[in-house]
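A.B. asks: Here you go, one structure.
Taken together, the values in this text are just the output of simple stated rules run on the coordinates, not laboratory data. Owing to the predicted nature of the structure, the values given are computational and were not obtained by experimental measurement. Neighbour counts run over all protein chains shown; Cβ positions are idealised from the backbone, glycine included.
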Amino acid sequence: MPRQTSPRLLVRSSSIHAAGCYTLEPLRRGQQILEYDGERISKREADLRYEDRLVTYLFGFGEKGDVIDGFGTAMFLNHSCDPNCKTHEEGGRIFIRAIRDIAAGEELLYEYNLYDSDLADTADCYCGAPQCRGTMYSEAEVKRRNRLFARRKAKAAR
Ligand SMILES: [Zn+2]
């Protein structure tokens, strides 16, 4: 497969989180922007490696629970509840694509849809979008956590 030239991107400080990734050129809707690259590790390995870390760049996907330990520009993309990009899996590789036309200078954002997390970790979202859900978890994960919390409360009330 010929190597696709990726658009010029810039990593700099972001109001959403420490650093963000910005495009220096306009992007078309549907355009593939970059790959979420990094070492492939198992979920178990990821848990061991980052047990006590607040910030990780792990990307979990697939039915087997494969994890990419992000290394590269893509790990700087922040979460937003009003994203302009989304991730796409192709043969075990993760690519980030534009879901609308994006102007030069815009920050690139996608929905993290986090899952399988520690109950102590609230993963609060500060994206600032009007429709912000207040969390970076996927909707399924929010439901799962609510069920677990309800169960805990029921136990504590006994
Ligand atoms: Zn948000």
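A.B. asks: Which order results if 108, 114 are arranged by neighbouring Cβ count within 10 Å, fewest first?
C.D. replies: Working: 108 25, 114 18.
Arranged by neighbour count, lowest to highest, 108, 114 become 114, 108.
A.B. asks: What does the helix-only formula give at 222 nm for the chain: each DSSP H stretch with n ≥ 4 adding -39500 (n - 2.57), the total divided by the residues, and the result rounded to the nearest 500 deg cm²/dmol? Present the calculation step by step, with values, prior to reporting the outcome.
C.D. replies: Numbers: 2 runs with 26 residues, N = 158.
The per-residue figure over the chain is -5000 deg cm²/dmol.
A.B. asks: Using Cα pairs closer than 8 Å and at least 6 residues apart in sequence, work out the relative contact order for the chain, in percent. Mind dumping the intermediate values first?
C.D. replies: On the way: 280 pairs, mean separation 37.4, N = 158.
Computed value for the chain: 24 percent relative contact order.
A.B. asks: Measure up 86/155; 64/155; 86/143 against 29 Å on the Cα-Cα distance and list the ones that go over. Intermediate values should be presented prior to the final figure.
C.D. replies: Values: 86/155 39 Å; 64/155 32 Å; 86/143 22 Å.
Pairs exceeding 29 Å: 86/155; 64/155.
A.B. asks: Another question, if that's okay. Full-extension gain between residue 124 and residue 99, please, as 0.36 nm times their residue separation minus the C-alpha to C-alpha distance. Before the final figure, lay out each step's value.
C.D. replies: Working: separation 25, 0.36 × 25 = 9.00 nm, distance 2.38 nm.
Full extension from residue 124 to residue 99 adds 6.6 nm.
A.B. asks: Provide the gained length on full extension for the span residue 44 to residue 149, in nm with one decimal, where the gain is 0.36 nm per separating residue minus the Cα-Cα distance.
C.D. replies: Values: separation 105, 0.36 × 105 = 37.80 nm, distance 2.39 nm.
Going from the current span to full extension adds 35.4 nm.
A.B. asks: For 147, 97, what's the fewest-to-most ordering of other Cβ within 10 Å of each Cβ? Mind showing how you got there, number by number?
C.D. replies: Details: 147 10, 97 17.
Fewest-to-most Cβ neighbours within 10 Å comes out as 147, 97.
A.B. asks: For residue 58, which sequence-distant residues (separation of 5 or more, or a different chain) have an amide H within less than 5 Å of its own amide H, given hydrogens modelled in the peptide plane?
C.D. replies: Those lying under 5 Å, H to H, from residue 58 are 70.
A.B. asks: Still on this model: Taking the inverse of the average 1/r across all pairs of different Cα atoms in the chain, what Kirkwood radius in Å do you get? All intermediate terms of the calculation are to be shown ahead of the outcome.
C.D. replies: On the way: mean 1/r = 0.0590 Å⁻¹.
Mean inverse Cα-Cα distance, inverted, gives 16.9 Å.
A.B. asks: Here's a follow-up. How far is helix 139-157 tilted, in degrees, relative to the longest principal axis of the Cα atoms in the chain, given as a value from 0 to 90 rounded to the nearest 10?
C.D. replies: 20
A.B. asks: Only counting other Cβ atoms within 10 Å, I'd like 79, 17 sorted with the fewest neighbours first. List each step's numbers first, then the result.
C.D. replies: Working: 79 20, 17 15.
Ascending number of Cβ neighbours within 10 Å: 17, 79.
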